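Note sheet for the following structure.
The values are calculated or read from the model by the stated rules, or taken from the named source; none is laboratory data. Please read all numbers here as calculations on a predicted model, not as lab measurements. In this analysis, Cβ positions are derived from the backbone assuming ideal geometry, glycine residues included, and neighbour counts consider all displayed protein chains. We work out accessible area using only protein heavy atoms, side chains counted, and drop any ligands, DNA or RNA first. Shrake-Rupley method; radii C 1.70, N 1.55, O 1.52, S 1.80 Å.
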Amino acid sequence: MKHWYLIVGAVLVSAMLAPNLGVAQTYKKQTIMAASANTPGSNHGVLLNRFKDIVEKESNGAVTVKIYLGGTMGDEVANVKQLRNKELHIGTLFSGNLTPNAPTANALCLPYLFTSMDEAYAVLSNEDFLKELADDVAKESGTRPLGWMIGGWRSITNSKKPINTLEDMQGLKIRVSPTAMQLAAFRAFGIEPHPMAWSEVFNALQQGVVDGQENMYVTNRDNKFWEVQKYMTEIHYMLWIGAVLVSDSWYKSLDADTRALVEKAVKTAQNEQWAAAEKVESDSKKLTIDNGMQVTILDPKEEERWKERARSIWPDFVKTPEMKSLSDKALAIIAAMPKK
Ligand code: MLT
């Protein structure tokens with residue numbers, strides 16, 4: 001289904017590296033500092049470890065990668081500042097957690113923008129869109145996305161009761177990431193959400209500071225949320241899209257060969273993750289159910305109500321020329337996709 005994106009990606013990576021083919025590369029000895037606030041088995045951990053394998057192997061050990069996982073370098077929003085300051089060189093995070101420092105990344109978080117993962121693959125394979133987004137994000141945050149991870153839909157979990165309707169959610173304390181878009185979306189759904197750093201979420205659920213949160217099945221699996229959550233509702237409002245960011249000033253300071261190696265390693269790891277994503281997501285859903293969580297899928301008519309509410313916040317976010325340009329491009333790419 002999405003294999004043509006992978007083929008296009010592979011061709012582009014090869015083309016990018018073509019001038020260097022057949023020439024033995026020598027790389028300056030250096031250590032790349034990488035971090036994620038997530039577990040080793042998460043999409044983040046898998047991608048960074050694959051990045052490390054490729055970089056170390058292809059540089060014959062001249063370039064080494066030191067990875068800090070599990071939030072040892074702080075939460076996702078903090079990682080963006082560390083990248084800007086070159087305390088870190090590469091980091092991965094949920095795109096929403098990039099938006100406090102790079103509001104234009106909201107172009108990927110507009111609720112109900114995507115109706116399938118294939119649409120996200122199409123948008124994030126479009127070179128024109130990618131370049132514009134990367135340049136905007138770099139200007140705003142001092143960090144540059146070199147790749148993107150695509151997980152599953154962000155679904156709501158909670159410990160109190162099944163959510164079948166907007167009304168069922170009223171009164172529940174739901175954590176969202178500390179981002180304007182998610183706060184606005186949940187306010188449009190009629191509740192006052194609780195913004196909280198990602199690294200605090202499990203404890204807050206365990207201690208009952210909040211009743212629930214929203215994330216994809218894979219995150220549910222990584223954090224064994226079933227130990228502290230009983231109910232999950234698929235509302236399909238936002239895809240979990242993760243940014244693979246580098247420190248822009250560090251990236252620009254690299255010599256051409258090292259820069260090409262970093263780009264290639266990110267794209268290869270990204271493409272492998274894209275190829276596995278749907279299976280990882282469906283296996284995680286199965287594990288969620290096997291571990292006792294009760295899953296609700298919104299009735300299509302009810303989902304329309306959620307959609308209408310959440311889409312009402314778009315004008316508040318599509319205000320700047322950057323957001324207008326990127327959201328128009330994303331919509332045009334989606335509209336041009338072959339109809340099934
Ligand atoms: C969040 O909810 O803050 C993120 O989805 C965490 C993540 O990066 O998986």
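Grab the Cα-Cα distance for ASP257 and LYS29, subtract it from 0.36 nm times how many residues apart they are, and report the gain in nm with one decimal. Don't jump to the answer; show the numbers that get you there.
Details: separation 228, 0.36 × 228 = 82.08 nm, distance 1.26 nm.
Value of the extension gain: 80.8 nm.
Ignoring ligands, DNA and RNA, what percent of the accessible area of the chain is carbon or sulfur (1.4 Å)? Let's see the in-between values first.
Numbers: 7810 of 14040 Å².
Whole-percent figure for carbon plus sulfur exposure: 56.
Over the chain, what is the mean sequence separation of C-alpha contacts under 8 Å (at least six apart), divided by residue count, expressed as relative contact order in percent?
On the way: 603 pairs, mean separation 82.2, N = 340.
It rounds to 24 percent for the chain.
Where nothing but the Cβ of Lys and Arg (+1) and of Asp and Glu (-1) is charged, how large is the charge dipole of the chain around its Cα centre, in debye to the nearest 20?
Values: 39 positive and 40 negative charges, 69 e Å.
Approximately 340 debye in magnitude.
If you look at just the Cα atoms of the chain, how large are its Rg and its Dmax in Å?
In Å, with Rg to one decimal and Dmax whole: 19.7, 64.
Only loop residues by DSSP count here, and only those with at most 12 other Cβ atoms within 10 Å; note down the chymotrypsin sites (Phe, Trp or Tyr not before Pro) in the range 134-209 that meet that. List each step's numbers first, then the result.
Working: sites: TRP148, TRP153, PHE186, PHE189, TRP198, PHE202; in loops: PHE189.
In loop regions of the range 134-209 (DSSP not H, G, I, E or B), there are no sparsely surrounded chymotrypsin sites (Phe, Trp or Tyr not before Pro).
Run the count for the range 275-340, please: Lys pairs, Cα-Cα under 30 angstrom, 8 or more apart or on different chains.
Within the range 275-340, the lysine pair count is 29.
As a test of the formula, what do you get for the chain when each DSSP H run with n ≥ 4 contributes -39,500 (n - 2.57) and the sum is divided by the residue count, at 222 nm and rounded to the nearest 500 deg cm²/dmol?
Values: 14 runs with 159 residues, N = 340.
The helix-only estimate for the chain comes to -14500 deg cm²/dmol at 222 nm.
Sequence gap of 8 or more, or different chains, plus Cα separation below 18 Å: how many lysine pairs satisfy both in the range 89-239?
Details: LYS131/LYS139; LYS160/LYS173; LYS160/LYS224; LYS160/LYS230; LYS161/LYS173; LYS161/LYS230; LYS173/LYS230.
Step by step, the pairs that qualify in the range 89-239 add up to 7.
Alpha carbons only, please: Rg and Dmax for the range 237-321, in angstrom.
For the range 237-321, the Cα radius of gyration and maximum Cα-Cα distance read 19.8, 55 Å.
What number, in percent, do you get for the relative contact order of the range 88-150 if the mean sequence gap of Cα pairs under 8 Å and at least 6 apart is divided by its residue count? Let's see the in-between values first.
On the way: 40 pairs, mean separation 19.9, N = 63.
Here the relative contact order equals 32 percent.
Can you run phi through the Karplus equation (6.51, -1.76, 1.60; θ = phi - 60°) for the range 241-252 and list ³J(HN,Hα) in whole Hz, with x for Gly and Pro?
My calculation for the range 241-252 gives 10, x, 8, 9, 9, 10, 5, 5, 5, 5, 4, 5 Hz in order.
Peptides 294-307, 260-273, 235-248: what's the order by average Cβ count within 10 Å, highest mean first? Intermediate results must be reported in sequence, preceding the final value.
On the way: 294-307: 14.6, 260-273: 21.2, 235-248: 24.9.
Listed from highest to lowest mean packing, they are 235-248, 260-273, 294-307.
Could you name the aspartates and glutamates in cross-link range of LYS66, using Cα to Cα under 19 Å and dropping any fewer than eight places away on the same chain?
In chain and number order, the partners are ASP53, GLU56, GLU58, ASP75, GLU76, GLU87, ASP248, GLU263.
Could you give the dipole magnitude of the range 255-325 about its Cα centre, charging the beta-carbon of Lys and Arg +1 and that of Asp and Glu -1, in debye to the nearest 20?
On the way: 13 positive and 15 negative charges, 49 e Å.
Charge dipole, the range 255-325, about its Cα centre: 240 debye, nearest 20.
Would you mind getting the accessible area per residue of the range 140-189, heavy atoms of the protein chains only, 1.4 Å probe, in Å²?
On the way: 1340 Å² over 50 residues.
Value returned for the range 140-189: 27 Å² of accessible area per residue.
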